[in-house]
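**Student:** To start, I am sharing the structure in question, which I have written as structure tokens.
The values are calculated or read from the model by the stated rules, or taken from the named source; none is laboratory data. Bear in mind the structure is a predicted one, so any value in this text is a computation, not a measurement. Backbone-built Cβ (ideal geometry, glycine too); neighbour counts: all protein chains shown. Surface areas here come from the heavy atoms of the whole protein model, side chains and all, with no ligands, DNA or RNA. Shrake-Rupley method; radii C 1.70, N 1.55, O 1.52, S 1.80 Å.
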Amino acid sequence: MKCNVGKTDKSLRAIAGIAIIIVGVIFNSWLGLIGIVLLATALFRFCPAYLPFNIDTSKNDESGSCGGGGCGCGK
């Protein structure tokens, strides 16, 4: 699994994921499950939806590697 989620993308996904989960819990909605997907993609730094479009937001990171992401890969 090649990391394709950069640092900024990861942060935004984590914040949005937490917010969506909270809203889902407050309104007792299944929509909160989308937040879990966002958190998972932030944790693993891999988004399967990016693959068909050849999107890689991690290529702009100055470190050139996935860092401490859960995918355990380096570039």
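**Student:** Are there any pairs, at least 6 apart or on different chains, whose C-beta atoms fall under 7 Å, with the first in region 1-22 and within 14 Å of TYR50 (Cβ to Cβ) and small (Gly, Ala, Ser) and the second open to solvent by 70 Å² or more (accessible area, probe 1.4 Å) and not in a loop (DSSP other than H, G, I, E, B), and if so, which?
**Tutor:** From region 1-22, the pairs are GLY6/ASN60.
**Student:** In the list LEU51, LEU31, LEU38, which residue meets the criterion of being at pLDDT 95 or above and surrounded by 11 or more Cβ atoms within 10 Å (Cβ to Cβ)? Steps first, please.
**Tutor:** Numbers: LEU51 fails: at pLDDT 95 or above; LEU31 fails: at pLDDT 95 or above.
Exactly one residue qualifies, and that residue is LEU38.
**Student:** Looking at region 1-50, which of its residues are in a loop (DSSP other than H, G, I, E, B) and either over 12 Å from the mean Cα position of the chain (by Cα) or of a type in the set (Phe, Trp, Tyr) (or both)?
**Tutor:** Result: MET1, LYS2, PHE27, ASN28, SER29, PHE46.
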